1. Restricting attention to region 29-46, which residues are in contact with a strand residue (DSSP E or B) (Cβ under 7 Å, 6 or more places away or on another chain) and either closer than 13 Å to residue 15 by Cβ or touching a residue at least 40 places away in the same chain (Cβ under 8 Å) (or both)?
2. Can you pull out the residues in region 227-239 that are surrounded by fewer than 19 Cβ atoms within 10 Å (Cβ to Cβ) and within 14 Å of the ligand (Cβ to nearest atom)?
3. For region 147-171, how many residues meet the condition of being away from the ligand (no atom under 13 Å from the Cβ), closer than 18 Å to residue 229 by Cα and charged (D, E, K, R)?
4. Collect the residues in region 117-130 that are in contact with a Ser or Thr (Cβ under 9 Å, 6 or more places away or on another chain) and not aliphatic (A, V, I, L, M), keeping them in residue-number order.
5. When region 172-193 is examined, which residues are found to be near the ligand (Cβ under 10 Å from one of its atoms), under 22 Å from the mean Cα position of the chain (by Cα) and not acidic (Asp, Glu)?
6. For the list (1) of a type outside the set (Phe, Trp, Tyr); (2) touching a Cys at 6+ places or on another chain (Cβ under 7 Å); (3) crowded, with 21+ Cβ neighbours inside 10 Å, I need the number of the one condition that residue 188 fails.
7. Give me the pairs: first residue in region 197-219 and assigned to a loop (DSSP other than H, G, I, E, B), second residue at pLDDT below 95, beta-carbon distance under 8 Å, and six or more apart or on different chains, which are they?
8. Sort out which residues of region 194-222 are in contact with a Phe, Trp or Tyr (Cβ under 9 Å, 6 or more places away or on another chain), more than 17 Å from residue 105 (Cα to Cα) and within 6 Å of the ligand (Cβ to nearest atom), and write them in order of number.
Amino acid sequence: MQHYFGTIVSGKAILEGNQAHHLLHVKRANKGEKIEVTDSGTSYLCMIEEIEPLSILVLEQIQTRRELDIHLTLAFAALKGDHNDLIVLKGTELGVDTFIPFLSNRCIVKPTSPEDNKILRYRKIAVEGAKQCRREAIPSVTSYKELEDVLSSDAEIKLFAYEEMSGGSDTIISACKNMKKGQTVLLVVGPEGGFSHEEARLALDYDFTLVSLGKRILRAETAAIFGASVIAALSEEEG
Ligand code: SAM
């Protein structure tokens, strides 16, 4: 069943932006077809009652909640090529609600502006990913931040994936053992060249826990997706 974001007004669903176009001309939906529409975090089962003009009737509210019970922010270093696309798409499916692309000492790419075309592309990927996995919310993607701005976060659980910790006992799992519903969790993952010792020390100064993601050194995108997976799974386990 197709999933869209829109507004529910007097028992009708109004799709946002180009979603009506997508429904009619890409998906070629028919009268009588059922779709899901999410409005401000609540999803509804709807039925297309007319195609021209488009009229979508709300049938019932859908009870299942697909958002995580924690607020997960994933901060990832700007990577070469389209590796960040994968982080945003997979992170969206995993329940991340905020993405923060950042620049750190060893980033190979140096974006020229805080909001380049890549950032706009990540936001599109987040919408498509949220639709595909039928989430009630679309994750936000901030503009590029400097690492120190990311580290000054007031998240309740602050995790800094540090490759020098790999294989150590301070694992991401042990760092999340007291995670509770409703908490804000921030995971920071470095670039291809990793983090410097100074950056790791700065993270400690900002009360981050330096964590291992296991014995192997993962590619940055693998590390981000793995870390988000573990946190999401533990949060749903805790639920
Ligand atoms: N250039 C680094 C090296 O050779 O040691 C590897 C950096 S890794 C490709 C990119 C990022 O993924 C790291 O900065 C870290 O945030 C994370 N990462 C990868 N493997 C990790 C591990 N086993 N433990 C903790 N963090 C890891």
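The values are calculated or read from the model by the stated rules, or taken from the named source; none is laboratory data. Computed from a predicted structure; not experimentally measured. Note that each Cβ is placed from the backbone with ideal geometry, even for glycine, and that neighbours are counted across all protein chains shown.
1. Of everything in region 29-46, those that are in contact with a strand residue (DSSP E or B) (Cβ under 7 Å, 6 or more places away or on another chain) and either closer than 13 Å to residue 15 by Cβ or touching a residue at least 40 places away in the same chain (Cβ under 8 Å) (or both) turn out to be 29, 35, 36, 37, 38, 39, 42, 43, 44, 46.
2. Of everything in region 227-239, just one residue is surrounded by fewer than 19 Cβ atoms within 10 Å (Cβ to Cβ) and within 14 Å of the ligand (Cβ to nearest atom), namely 229.
3. Result for region 147-171: 1.
4. Within region 117-130, 123, 128, 129 meet the criteria.
5. Those that are near the ligand (Cβ under 10 Å from one of its atoms), under 22 Å from the mean Cα position of the chain (by Cα) and not acidic (Asp, Glu): 172, 187, 188, 189, 190, 191.
6. Every condition holds for residue 188 apart from (2).
7. Sorted first by the residue in region 197-219, then by its partner, the pairs are 213/166; 214/166; 214/167; 215/166; 215/167; 216/166; 217/166.
8. 212, 213, 214, 218
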